[in-house]
Amino acid sequence: AQTVTQSQPEMSVQEAETVTLSCTYDTSENNYYLFWYKQPPSRQMILVIRQEAYKQQNATENRFSVNFQKAAKSFSLKISDSQLGDTAMYFCAFMKGRAAGNKLTFGGGTRVLVKP
Amino acid sequence: NAGVTQTPKFQVLKTGQSMTLQCAQDMNHNSMYWYRQDPGMGLRLIYYSASEGTTDKGEVPNGYNVSRLNKREFSLRLESAAPSQTSVYFCASSQTGADIQYFGAGTRLSVL
């Protein structure tokens, strides 16, 4: 079974600065997908970024980028130029393959507080 | 676009009562999922339906049943609610062969 670990329960960052969230995972699979989801106080789960394991290039979405280290099974999220709206819980998640009904396995989350 | 719609948004039950959480998606997705989120934790899979007519257990299925009513709708039933089932429940859907799941807004359930 896959496991996902987020070792930082909470982080704070000043507005406009950069913060990096850690995520490690354990799997014996070779084909898989990794995700970062954002959960603001509204509770809605919002996809931030996704990474395909077979791609060496790190994914980027505007101010969000990842550092994917496949050998180390590490998948960190960097938020640049932090904004107040980035305040939320962030969850790292793993999915094996792309078959029908493939499930997400989530980490425990990191709470990010952006301070003005 | 509605996406994934869950009803109700909030519910309070007494121990032993039953209820059904409803989920519907309008994206013509084949796969649907039910997760629960306990305080301070990530989501855990309860049940999923890879396609219409099939359902399978996830990580924490005990105390729950599901029905894939049609391609659009996937319901979660608590037959005899227990305080341990106090949680926030999320429904999600995805297209076959796709990796992205789309989530509903969640149902906050309290069992007293």
What tally of residues in the stretch A:1-26 results from selecting those that are part of a loop (DSSP other than H, G, I, E, B), surrounded by 13 or more Cβ atoms within 10 Å (Cβ to Cβ), within 12 Å of chain B (Cβ to nearest Cβ) and not hydrophobic (A, V, I, L, M, F, W, C)?
2
The residue that is nearest to the other protein chains (Cβ to nearest Cβ), considering only those in the stretch B:59-87 that are surrounded by fewer than 18 Cβ atoms within 10 Å (Cβ to Cβ) and of a type in the set (V, I, T), is B:V60
Might you let me know whether the stretch A:51-63 holds any residue that is touching a helix residue (DSSP H, G or I) at 6+ places or on another chain (Cβ under 8 Å) and buried (at least 16 other Cβ atoms within 10 Å of the Cβ)?
no
Yes/no for A:S42 being within 12 Å of chain B (Cβ to nearest Cβ), over 25 Å from B:E59 (Cα atoms) and either modelled with pLDDT of 95 or more or surrounded by fewer than 17 Cβ atoms within 10 Å (Cβ to Cβ) (or both)
yes
Among the residues of the stretch B:89-104, is there at least one that is away from chain A (no Cβ under 14 Å), within 12 Å of B:N30 (Cα to Cα), under 12 Å from the mean Cα position of the chain (by Cα) and not polar (S, T, N, Q)?
no
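So that you can scan it fast, the table gives a plain yes or no per residue for (1) hydrophobic (A, V, I, L, M, F, W, C); (2) closer than 25 Å to A:A1 by Cβ; (3) touching a residue at least 12 places away in the same chain (Cβ under 8 Å):
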residue	(1), (2), (3)
B:S31	no, yes, yes
B:L43	yes, yes, yes
B:Y47	no, yes, yes
B:N62	no, yes, no
B:V66	yes, yes, yes
B:S75	no, no, yes
B:S80	no, no, yes
B:F90	yes, yes, yes
Filtering the stretch B:20-50 for residues that are at the interface with another protein chain (Cβ under 7 Å from one of its Cβ atoms), under 14 Å from the mean Cα position of the chain (by Cα) and among the aliphatic types (A, V, I, L, M) leaves a count of 3
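Check whether at least one residue in the stretch A:64-74 is within 10 Å of chain B (Cβ to nearest Cβ) and out of contact with any strand residue (DSSP E or B) (no Cβ under 9 Å at 6 or more places or on another chain), and report yes or no.
Checked against the condition, which is being within 10 Å of chain B (Cβ to nearest Cβ) and out of contact with any strand residue (DSSP E or B) (no Cβ under 9 Å at 6 or more places or on another chain), the stretch A:64-74 yields no hits at all.
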Where in the stretch A:40-116 are there strands (runs of 3 or more DSSP E), lying wholly inside it, with at least 3 residues that are within 24 Å of A:E15 (Cβ to Cβ)?
A:46-52, A:64-69, A:74-79, A:88-96, A:110-115
Only one of B:Q101, B:Q17 is in contact (Cβ under 8 Å) with a residue 60 or more places away in the chain, within 21 Å of A:L104 (Cα to Cα) and out of contact with any Lys or Arg (no Cβ under 6 Å at 6 or more places or on another chain); which?
B:Q101
Test B:T107 against the criterion of being surrounded by 14 or more Cβ atoms within 10 Å (Cβ to Cβ), farther than 24 Å from A:A1 by Cα and within 13 Å of another protein chain (Cβ to nearest Cβ), and give yes or no.
yes
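The values are calculated or read from the model by the stated rules, or taken from the named source; none is laboratory data. Just so it is clear, the model here is predicted, and its values are computed rather than measured. Please note: Cβ atoms are built from the backbone with ideal geometry, for glycine as well, and neighbour counts cover all protein chains shown.
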